[in-house]
Amino acid sequence: MTGLRRWRGNPLRRPTDLAEAWTALGAAVLIALGVPLCGLMAGLLVHENMARAVLEQQHQRTLVTATVVRALPHPPVDSDPETSTARDAHRPVIAGWTAPDGTLRSGTVLVGKEHAPGNRFRIWTDSRGRIVQRPLDSTTAASHAALAGTGAGAAAGALVEGARRLVVWRLMVRRYEQWDREWEEEGQDWGRTGTGS
């Protein structure tokens, strides 16, 4: 604001200077007010959708007890240390369970240490008894919403700053073109003593 007031009465002020100052002020207002609002709106929208998904998944998925029928052979050794640790922690087994509709099901499941036949463990299934991922919880949904809001706010801020920089670049190009025209109007001997008299 002080910069705009200072430029208002300055005889050296060009239209591009004033446009640059207004662009900076507009970008500052958008970043201060628009970016948080954009992030908040995106976060609320994602939270609403995620909360709906949490309720649907909790309604559609059931935790059932499965029993190990037999252990399957361990897969071949993996030379990658990052994936081999996760692979070694789980072992494939054939397990049986009762689906929510009462039918008996069986299939290959990865388990931890309870791979001996007869051991019991818990798995999540859908209404048909197929194995599914554990349903989302409200804490995970809130985390996703917060991340989405933060990302949307950051993207909006980057967009505003990018637009400001583009406008300032165009104003600088126009300013340099205007200077070139003014230098050409003054001629080759501008500034020499006694010229033009």
Taking a probe of 1.4 angstrom, what is the accessible area of residue 90 in Å², to the nearest 10?
90 Å²
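Determine the per residue accessible area of the range 13-52 with all protein chains present and a 1.4 angstrom probe, expressed in square angstrom. It would help to have the intermediate numbers written out before the result.
On the way: 2470 Å² over 40 residues.
That works out to 62 Å² per residue.
For residue 127 and residue 19 in the same chain, what is the full-extension length gain: residue separation times 0.36 nm, less their Cα-Cα distance, in nm? Don't jump to the answer; show the numbers that get you there.
Working: separation 108, 0.36 × 108 = 38.88 nm, distance 6.28 nm.
My answer for the length gained is 32.6 nm.
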Between beta-carbons, use under 10 Å as the cut-off and find the net charge around residue 65, counting Lys and Arg +1, Asp and Glu -1.
+2
Please work out how much accessible surface residue 183 shows to a 1.4 Å probe, ignoring ligands, DNA and RNA, in Å² rounded to 10.
150 Å²
Between residue 147 and residue 58, what length comes free when the chain is fully extended (0.36 nm per residue of separation minus the Cα-Cα distance, one decimal in nm)?
29.8 nm
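The values are calculated or read from the model by the stated rules, or taken from the named source; none is laboratory data. Bear in mind that the values here come from a model prediction, so they are computed numbers and not experimental data. Every residue, glycine among them, receives a Cβ derived from its backbone with ideal geometry; neighbour counts consider all protein chains shown. The area values use the complete protein model at the heavy-atom level, side chains included, leaving out ligands, DNA and RNA. Shrake-Rupley method; radii C 1.70, N 1.55, O 1.52, S 1.80 Å.
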